[in-house]
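Chemist: Would you mind keeping the following structure in view while I ask a few things?
Please treat every number below as a calculation from the coordinates, not as lab data. Please read these numbers as outputs of a predicted model, since none were measured by experiment. All Cβ positions, even for glycine, are placed from backbone atoms using ideal geometry, and neighbour counts span all protein chains on display.
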Amino acid sequence: MAGLLIRNAVLDGSRTDALIEGGVFTAIRPGIDAPPGVETLDADGFILAPAFYNAHTHSAMSIMRGLADDLRLEKWLNEHIWPFEAKLTDDAVRRGVRLAAEEMIRSGTVFFNDMYWMPDIALQVADEMGMRAVIGPCLISNPLAKFTRAEELEEAYRHVAHPDLLSIAYAPHAVYSTDERLLRDTAEKAGANGRIIHIHASETRAEVDGCLKEHGMTPIAWMDKCGLLTERTILAHGVHLADDDIRLIRDRGAVVVHNPCSNYKLCSGQFDFRRVFEKGGCRVALGTDGCASNNSLSFFDEMKLAAFNAKIQSGDPECGKAEDIWRIATRGGAQAFGLDGGEIAVGRLGDAILLDPAAPALNPLHYLASALVYAADTSCVDTVICDGRILMRHKRLQ
Ligand SMILES: [Zn+2]
């Protein structure tokens, strides 16, 4: 199919058509004639909005949903998650990623940045589902490293049907699970080939204290010393950041991924939206983290909690405005990975969702950002489009 013409959608309160050709929006106005060979989708007055970009997850962990709740991160990881993962099979990973992909698409997400074992499988599933993804093999100094399968990932990439939608990253797990050689090696390779670096960073107080004790500096400063902080570096969590850390992240152009549900569930702490984003000027995106520490992959849950977290953390209800939160979930997430998406505009990537205007959560509709961040849920999403292809039509996965 050469493209997609979305007819009769509502954008910014007005009826319009939107044409996607070659994977980008090429026209947005009423009365567009369908070019030859272009599929037409009648939106029938449904609301056209940007899709979501999940900047940090471990998709296969959906297979562990509800397995070990109500535990501290260290105990959760050491006594439950890692022992479970030691017995992982290809089939379990495939089922987990598939489950995650379905949940993400149903809730309007078209992209995910993944860090996990057996990454070749996540790549294959993302390709089968037609999603965008950055897949990073989890790099670690631990017996589980047998599941890293970086070479298998490179091989799998050579056979994908949608190479333009997919890329490979380096994903060192965290400073406490990697050594200096691994971090420096990662920085060197990423510098040479321009790949994304994806790492957990300053997620817990214990991680920061451990790094201060071992290296005499914070995890952010340590990563920078190892050459790891670049504008292609994705720092998951960033809950415990010193002022110097925030300046360093901003100056290097690295991205901090806010994962509010996981931070709350594991009691990792409260991300300081005002200090990092509003005043700190850092690039910020939104993530779900893995399903085992969430336990959903819906960006509606994530956006609402991100806004509430910003307000409680700052003591100011004007902090974490709906517009800002919606922006980091869409445009901010896309830009974090060099994708020109997350916005319905000519020239942007052809990713979008159609929302049901009859959904109670969207009525009355005074302000779309407010409705999406504070009231909407997965049931509002009717149709999902990625790269001009329909992934879900009238709530049915294609
Ligand atoms: Zn994580």
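Chemist: Based on the Cα gyration tensor of the chain, what are the three equivalent ellipsoid semi-axes, each the root of five times an eigenvalue, rounded to whole Å and given largest first?
Modeler: 34, 24, 19
Chemist: Next up: Roughly what % of DSSP beta bridges within the range 252-398 run antiparallel, to the nearest 5?
Modeler: Details: 9 of 13 bridges.
Of all bridge pairs located within the range 252-398, approximately 70 percent are antiparallel.
Chemist: Counting other Cβ atoms within 10 Å, which chymotrypsin sites (Phe, Trp or Tyr not before Pro) in the range 1-101 have at most 10 and lie in a DSSP loop?
Modeler: When the chymotrypsin sites (Phe, Trp or Tyr not before Pro) of the range 1-101 are filtered for loop state and at most 10 Cβ neighbours within 10 Å, nothing remains.
Chemist: Beyond a 19 Å Cα-Cα separation, which of these cross-linked pairs lie in this structure: K279/K311; K213/K279; K75/K265; K213/K265; K265/K304; K279/K304?
Modeler: K213/K279; K213/K265; K279/K304
Chemist: Also, quick follow-up: Given the chain, what percent of its DSSP beta bridges are antiparallel, to the nearest 5? Present the calculation step by step, with values, prior to reporting the outcome.
Modeler: On the way: 25 of 58 bridges.
Within the chain, antiparallel bridges account for around 45 percent of the total.
Chemist: Using Cα springs under 10 Å in a Gaussian network model of the chain, which residue among N363, N193, N295 shows the largest mean-square fluctuation?
Modeler: In the Gaussian network model the winner is N193.
Chemist: Run the numbers for D90 and D70: contour at 0.36 nm per residue of separation, minus the present Cα-Cα distance, in nm.
Modeler: 4.4 nm
Chemist: So if we plug the beta-carbon distance of H159 and A2 into 1/(1 + (r/R0)^6) with R0 = 30 Å, what FRET efficiency do we get, rounded to 0.05?
Modeler: The value I calculate is 0.80.
Chemist: Please state, rounded to one decimal and in Å, the Kirkwood hydrodynamic radius that the range 227-266 gives when every pair of distinct Cα atoms enters the mean of 1/r.
Modeler: 10.7
Chemist: Something else: With the crude spin-label approximation of a point 7 Å out along Cα→Cβ, what separation in nm comes out for R15 versus T230?
Modeler: Roughly 5.0 nm, to one decimal.
Chemist: Another one. Would you work out which of L362, A329, L165 lies farthest towards the positive end of the dipole of the chain? Charges go on Cβ: Lys and Arg +1, Asp and Glu -1.
Modeler: L362
Chemist: Just want to confirm a number: the relative contact order over the chain, from Cα pairs under 8 angstrom separated by 6+ residues, in percent. Intermediate results must be reported in sequence, preceding the final value.
Modeler: Details: 902 pairs, mean separation 76.9, N = 398.
Contact order relative to length: 19 percent.
Chemist: Could you tell me the calculated FRET efficiency between E323 and A375, based on Cβ-Cβ distance and R0 = 22 angstrom, to the nearest 0.05?
Modeler: Working from the Cβ atoms, E equals 0.90.
Chemist: Would you mind working out the magnitude of the charge dipole of the chain relative to its Cα centre, with +1 at each Lys and Arg C-beta and -1 at each Asp and Glu C-beta, to the nearest 20 Debye?
Modeler: It works out to roughly 240 debye.
Chemist: Roughly what % antiparallel, to the nearest 5, for the DSSP beta bridges in the range 183-304?
Modeler: If we restrict to bridges inside the range 183-304, about 0 percent are antiparallel.
Chemist: With point charges of +1 on the Cβ of Lys and Arg and -1 on the Cβ of Asp and Glu, referenced to the Cα centre of the range 24-125, which listed residue (M64, L77, M115) lies farthest in the positive direction of the dipole?
Modeler: After comparing all options, I get L77.
Chemist: Taking the simple approach of a point 7 Å from Cα along Cα-to-Cβ for both K189 and A34, what is their distance in nm?
Modeler: Taking the two extended label points, one gets 4.6 nm.
Chemist: What lysines does K189 reach when the alpha-carbon gap must be under 20 Å and sequence neighbours fewer than 8 apart in one chain are set aside?
Modeler: Straight-line reach from K189, under 20 Å: K225.
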